[in-house]
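> To start, I am sharing the structure in question, which I have written as structure tokens.
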Amino acid sequence: MSKFKRLWQNPRRIIKALIVLAIAFSGIQGINLWAGAGQVIDAETGKPLAGVFVMAMWHGNPIAIESRTVCYHFAITQTGHDGSYNLPVLSWNPSVLINRERYKEFYFAGYENFTNDDFTGAVIRMRRITGTVEQRLKSLMPPRYELCTTEAERRDKLVPLYQAQLDEATLLARTPTEKLLLTRLQGRRLAAEIGDDAYTATLMKTGRP
């Protein structure tokens, strides 16, 4: 009993014990919630979709500044011939973060997300795109992934994705508004390949991407 009292009378030991418990719990929780494997299928035919881009972003909030969101990891892969994919099972990083979560997105030319077949999201169903061409092109615009990547990572990880999106947009764009959106996608792809500084210099010199 005296040893127990001495332990809990020492604030440093209490803090260390709480940190160890928090890390252990978050690791177990992450493995349970963030299964790394899944499959993407056509919502209408049920057939697997090969070559789908699968993007995952890990977010969290620093304990000291809970209102600030930090993206501390990004991963991208493509589905195989059977529509399957694997992402790293990553639940925490060395930083002290709370409210950790992983957000997944999927891209396949001519398709959009439809629904999941189960709670875990292990089976993703995608359907042929609905809506207008302008809506489709705008859905490709938000620069979500740049917030999670360095310039070197963008060149390695994002250029293939941006090129696939650009190829689709090139086939779709017809009106002046659609072609303006296409130009923005061209600029984003080029910036990912050559870096922000070089891209800015190109714009200043030529006035276009």
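Bear in mind that the values in this text are calculations on the coordinates, not laboratory data. What you are looking at is a predicted structure, and each value in this text was computed from that prediction instead of being measured. In this analysis, Cβ positions are derived from the backbone assuming ideal geometry, glycine residues included, and neighbour counts consider all displayed protein chains.
> Under a 5 Å amide H to amide H cut-off, with H placed in plane at 1.01 Å, what residues pair with residue 38 once short-range neighbours are removed?
Under 5 Å from the amide H of residue 38 lie the amide H atoms of 85, each far enough along the sequence or on another chain.
> I'd like the FRET efficiency for residue 123 and residue 101, computed as 1/(1 + (r/R0)^6) with the beta carbon distance as r and R0 of 25 Å, rounded to 0.05.
My answer for the efficiency is 0.80.
> Provide the convex hull volume over Cα atoms per residue for the stretch 131-209, in Å³.
Enclosed volume per residue, from the Cα hull, is 86 Å³.
> What ³J(HN,Hα) values, in whole Hz, does the Karplus curve 6.51 cos²θ - 1.76 cosθ + 1.60 give for the stretch 78-88 when θ = phi - 60°, with x put for Gly and Pro?
10, 6, x, 4, 9, x, 8, 8, 9, 10, x
> Can you work out the FRET efficiency for the pair residue 144 and residue 82, with r the C-beta to C-beta distance and R0 = 30 Å, to the nearest 0.05?
E between residue 144 and residue 82, to the nearest 0.05, is 0.65.
> Mind listing the long-range amide H neighbours of residue 52? Cut-off is under 5 Å, sequence gap 5 or more, other chains count too, H placed in the peptide plane at 1.01 Å from N.
Correct list: 79.
> Subtracting the Cα-Cα distance from 0.36 nm times the residue separation, let me have the gained length for residue 72 to residue 171 in nm, one decimal.
32.2 nm
> Residue separation times 0.36 nm, minus the C-alpha to C-alpha distance between residue 201 and residue 151: what's the value?
That pair, residue 201 and residue 151, stretches by 16.4 nm at full extension.
> Scan the stretch 117-209 for chymotrypsin sites (Phe, Trp or Tyr not before Pro) in coil per DSSP, keeping those whose Cβ has at most 16 other Cβ atoms within 10 Å, and list them by number.
Those that pass, being in a loop and sparsely packed, are 119.
> Still on this structure: In nm, what is the difference between 0.36 nm times the number of residues separating residue 193 and residue 114 and their Cα-Cα distance?
Difference between extended and current length: 25.3 nm.
> Explain nothing, just compute: Karplus ³J(HN,Hα) = 6.51 cos²θ - 1.76 cosθ + 1.60, θ = phi - 60°, for every residue of the stretch 101-114 in order, whole Hz, x for Gly and Pro.
7, 10, 10, 10, 9, 10, 9, 8, 4, x, 10, 9, 4, 10
> Another question, if that's okay. Give a residue-ordered list of calculated ³J(HN,Hα) values for the stretch 128-140 (Karplus: 6.51 cos²θ - 1.76 cosθ + 1.60, θ = phi - 60°; whole Hz; x for Gly, Pro).
Along the stretch 128-140, the couplings run 4, 4, 10, x, 8, 4, 4, 4, 5, 5, 5, 5, 8 Hz.
> Could you order peptides 46-55, 183-192 by the average number of other Cβ atoms within 10 Å of their residues, highest first?
183-192, 46-55
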